[in-house]
Structure formats: structure tokens, C-alpha cells
Amino acid sequence: MLTTSFLGLELRSPVIVGSGPASHDVNQIGLAERHGAGAVVLKTACSDKFEHMRFWPRPRYKLLDWDKQIAGRSKQFSLYSYEQGYSGSLDDYWEFIRACKRNAGIPIIGSIFADDAADWAAMAAEVEAAGADALELDFSSPHRPGSLQFDTTFVAAMRAVLDQVKIPVLAKLSPGSLTESQAEEAEHLGVHGVTLCNRLQGIDVDIESQQPILHGYYAGIGGPWAKYYTMRHVAEAYLKLHIPISGTGGAINGEDVLKYILVGASTVQILSAILINGWETIARINADVTAYLQGKGIERLEMIRGRAVASMTSLESIVRWSGEPLDGARNVWKEKDP
Amino acid sequence: MNGAQKYPGLPPLPPPFAAQHPPVARVLEDNCIACDRCPPVCFFDALHMEKRTGHPHGRTAVVVVEHCTGCGLCFESCPVDAFVWVPDMSPHPSRPGQRL
């Protein structure tokens, strides 16, 4: 019932473990599989030029606005973090992919970041050679150097990678005013799917010390509240694109995953929910989505994909007049004629 | 107390301490109220509860230093500020963030 076709892969669930601290270790792949994940996007490996991004400051996480529920019951939090890329060398990463493939029965999606197109292509080739089922290009990490531009660096990267590998390629994009046009550009170049969206950078301040918290710089910030922004990007992209969309950002339960599907996502990547509410989150989402489909008599998830978008009205046809006088004093109480 | 600092950056971790000995968490056992909140929040199996004879609650949280990545999540879960940072002296040259 939850089986999802994505990038030519048959996933047993639309729930994918997003790239991050829950996909940095071989043992975690087994946990993801045991709890019912459809696939795993591995932690992003950075090219040697960005070796400094293999080192993480401590501490690197702060939970803001947390409702402090535990055992899978948290509904509100913001995860403020400065976790960087895969912490080993590139050779370690290729071996990591091989070990994941040896030990896992679910698709493994590699994730890479670089700047020069040649580095992107070389890394993509290694990811493919190591046996990854697909590749996600991380154009949108909140920690990437701001000097890299989509129209130059990342377009060149997509061209180089697509020339290099045969496995399906996903482009992971930032939320913002350019998301849809970048997704269209990615599709035009031949990318097989887009991941919408990565987290944004934010900053929080400790008013006692009057200092930025944690490592003293901007951090990635996300949480359940972020889904409303990313779902809108998924909806807009769904209307324009012909390639599948992996929605990600703030999904913590079955309801959220269903909402992502209803606005057009094929799969939904979750991460902070696993971190805060545990690996059981995946099994709980699968059970809740299954129960929903059974309750509604829907056989396959794809039957409801994009249904909410299909029902959206257009900007021009929003009903704005609800019966009050169009001129004269408004909102004035008048006794009705007897 | 050997560089132990309260999170988050209050005051900020002194750079030499953070650079040379990346911090890991430690439980101030006298402060722990054995509420069981931190073990499920630790994503790295670095926290568990242990029995303690003579402890007012009979148990306390304990950090497994070898597993601790110094991420900071346990500090959030603790309602009584029983966590402090201590330098990571464990022999893990490949540990993320550690440049010994």
C-alpha cells in the first residue's frame, strides 16, 4: 500500500531518512531499515577543498522552543545546529557506501558537495562505483560557502555529474524565491528528481552574555513549523515539473507526510523527527499513513499525490467579496428591517 | 573544575579549551533527579541510567564518554541543569571535531 516508485526505484515506504546525523554510520542504516524506511540519503561528503567541513564544533545542537515531550511525543521544536559534512575522508565515504550496500536491503542514496565541476563529477563517479542506488547533489546546505552561485557553480555541477554517471540524480535546493526556477533549470538539465527543501540559516542570541549562541556563527535552523514553507515550494514545483519531488522539512508524523504527498511529493525525507522522537517515528508514520489510506479506501499512495494542488484555486478566482456593501460605511451595525 | 563550562556558551567556551579538548558531557550526579528524560534524547547511545546506592533517587544518568559526540542535546532535556562540559580526553583521533 505504501510502495512508492521513485527515481526508478521501488521503495516500500515514501519515508526516506534525510541526509544528516541519522545517516552517518553503517549501524544507522540497519536501524532505518528495521523501522521501515523506504531509503536512506547518506550524510553529505564534502570535497577535499572543504576538508574543514569534516570537523564539527562542540556543542553543535541546541533545541529551541521545544515542548520537552519525550518518547516520540514532541510536536514543537526548532533544531538549531552547526553539524557539518561527513566526518571521514572521501575514501572512508566510498567504503561507507559499500558497507551500507552490503548490510542494507533498502536503497542507499549518496550525497555530495563540492565547488569545481570536475570535483563534482569525480565524486559522483566514486559514489556510483561504490554501489549507491542514486545520488543527491547538496546545493543547499545551510553551511555551504555563500559565494557559490546556482547559475554558475551548481548548473555546471549538474552538467558534469549527469555526463558522468548513470544512476539517478537528485538536486537538493534551498527554500526561497528562486526555488521553482532552479528546480525547472535542474529538470531542463536532465536531473531525475528534486529534493525540496534544505534548511535555512538563522541566528539565535543569548541576551545574558549578549553573544550568539553555540559556535558564535549562523546555524542551520529547522523544525515542524518549517513544513508550511517547504510544502508550498513542493506544490509550486509539482505544478511545473515532470520529475518526482522528494519533500523535506518539518515532517514529524503521518499527517505531515500525507500533506506532503497531497501537495505533490513522491517521497518525504525526515530527519530531526528521528533525532528528537526516535527511530520509531518511521514505523509510526508508516502505520498512520496506512491507517489513513485504509480508512479512506485508497489503494495506493500515488492516487492522492498532488490532489490538494489540483484543488487549489487560482489567484484571480479567490472569492474576495462576501456580501458587504461595496461603497459607503462598512462594518456598521444596522438593525434589520422588521 | 578542569574547564567544565555551562552550555550554551554562558560564558562561551574558551577557544583553547574547545580547540584542544573538544567537550563531552558529564552528569553532576548529585544534581540528577533520575527523571529518565536524557537517555531517549541522546541519539548516540551515550547516556544511560545506573543504580547508585546512597543517591537520593537511587539512580543517576551516566555519560559513556566513548560514545559522546558533544552534540548538546542532553543539556536541553535536563530539567535541573545536571550536565556540564568536560574536556574529551578519550583516545579517539578520528572523532569528529577532535584535533589532538
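Below are the figures for this structure:
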| item | result |
| --- | --- |
| Among the candidates A:Asp67, A:Asp92, residue that is free of Cβ contacts under 8 Å to residues at least 60 places away in the same chain and either under 15 Å from A:Trp279 (Cα atoms) or out of contact with any Lys or Arg (no Cβ under 8 Å at 6 or more places or on another chain) (or both) | A:Asp92 |
| Qualifying residue in the range A:55-63 (condition: in contact (Cβ under 8 Å) with a residue 12 or more places away in the chain and over 17 Å from A:Ile221 (Cα atoms)) | yes |
| Tally of residues being of a type in the set (D, E, K, R), surrounded by fewer than 18 Cβ atoms within 10 Å (Cβ to Cβ) and outside any loop (DSSP other than H, G, I, E, B) across the range A:208-235 | 1 |
| Strands (runs of 3 or more DSSP E) wholly inside the range A:15-132 that include at least 2 residues being in contact with a strand residue (DSSP E or B) (Cβ under 6 Å, 6 or more places away or on another chain), surrounded by 23 or more Cβ atoms within 10 Å (Cβ to Cβ) and facing another protein chain (nearest Cβ under 10 Å) | A:61-64, A:78-81 |
| Search result, residues across the range A:236-251 that are more than 9 Å from A:Val268 (Cβ to Cβ), part of a loop (DSSP other than H, G, I, E, B) and not β-branched (Val, Ile, Thr) | A:Leu241, A:His242, A:Pro244, A:Gly249, A:Gly250 |
| Unique match (being touching a helix residue (DSSP H, G or I) at 6+ places or on another chain (Cβ under 8 Å), modelled with pLDDT of 90 or more and of a type in the set (A, V, I, L, M)) among A:Ala45, A:Ala39 | A:Ala45 |
| Selected residue [under 17 Å from the mean Cα position of the chain (by Cα) and of a type outside the set (A, V, I, L, M, F, W, C)] from A:Gln69, A:Gln76, A:Gln84 | A:Gln84 |
| Helices (runs of 4 or more DSSP H) contained in chain B and holding at least 2 residues more than 8 Å from every other protein chain (Cβ to nearest Cβ) and modelled with pLDDT of 90 or more | B:38-41 |
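The values are calculated or read from the model by the stated rules, or taken from the named source; none is laboratory data. This is a predicted model, so every value here is computed, not measured. Methodologically, a virtual Cβ is constructed for each residue, glycine included, from the backbone with ideal geometry; neighbour enumeration extends over all protein chains shown.
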